[in-house]
Amino acid sequence: MTKDQISTYTMRISQANTSALAVVLYDIILDAVKEGLQHYENEELADFEVSVQQAQAFLQKLMAMSKLDTQTGCDVMSLYLFIDKQLLMSYVKRMPVNLTQCIGLLERLRGSFMEISKRDYDPPLMEHVQQVYAGLTYGKGYLKESRDPMQEQNRGLQA
């Protein structure tokens, strides 16, 4: 993952509620799997293994979140277990095992959670984080994001 991707995901996580966090985790997993496939095509097996391990680590975080949800947890868990098994087999065999099929499953699941996220008005999980405002200024070819400096005093551990 690039530094820009890490920064973007960090910002999204800090502003996310539970359902939006699931969407962010899906995005991270999808990026890691696609990156792994690119590394495999370029015959960079060490980087392929790292990407598969990252995808598996974030999938396990998603599985832990799903265990907490008793309504959809059982149905979705079987898909997570299938994807986890394919990632494990890909790592062990050092070649993609059904990863394109896993990408399709993850994209469909992401779409479902995206719809849930649109209707979820719960507050963000993290408190005392900087509010991010997008669109105030523009750079060449990209949108700049800025933070309110007056909120700096409200951040951190409050005694």
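Quick check on S19: is it closer than 25 Å to Y121 by Cβ and among the hydroxyl-bearing types (S, T, Y)? Quick ask: steps written out before the conclusion?
Working: closer than 25 Å to Y121 by Cβ: yes; among the hydroxyl-bearing types (S, T, Y): yes.
Considered against the rule, which asks whether it is closer than 25 Å to Y121 by Cβ and among the hydroxyl-bearing types (S, T, Y), S19 comes out as yes.
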(request) May I ask you to verify whether K67 is at pLDDT 85 or above and open to solvent by 60 Å² or more (accessible area, probe 1.4 Å)? (result) no
(request) Could you check how many residues of the range 1-38 are of a type outside the set (A, V, I, L, M, F, W, C), within 12 Å of F58 (Cα to Cα) and open to solvent by less than 10 Å² (accessible area, probe 1.4 Å)? (result) 1
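The values are calculated or read from the model by the stated rules, or taken from the named source; none is laboratory data. Worth saying up front: this structure is predicted, and the values here are computed from it rather than measured. Reconstructed Cβ throughout: ideal geometry from the backbone, glycine too, with neighbour counts over all protein chains shown. Ligands, DNA and RNA are stripped out before the accessible areas are found, and what is left, the full protein with its side chains, is counted by its heavy atoms. Shrake-Rupley method; radii C 1.70, N 1.55, O 1.52, S 1.80 Å.
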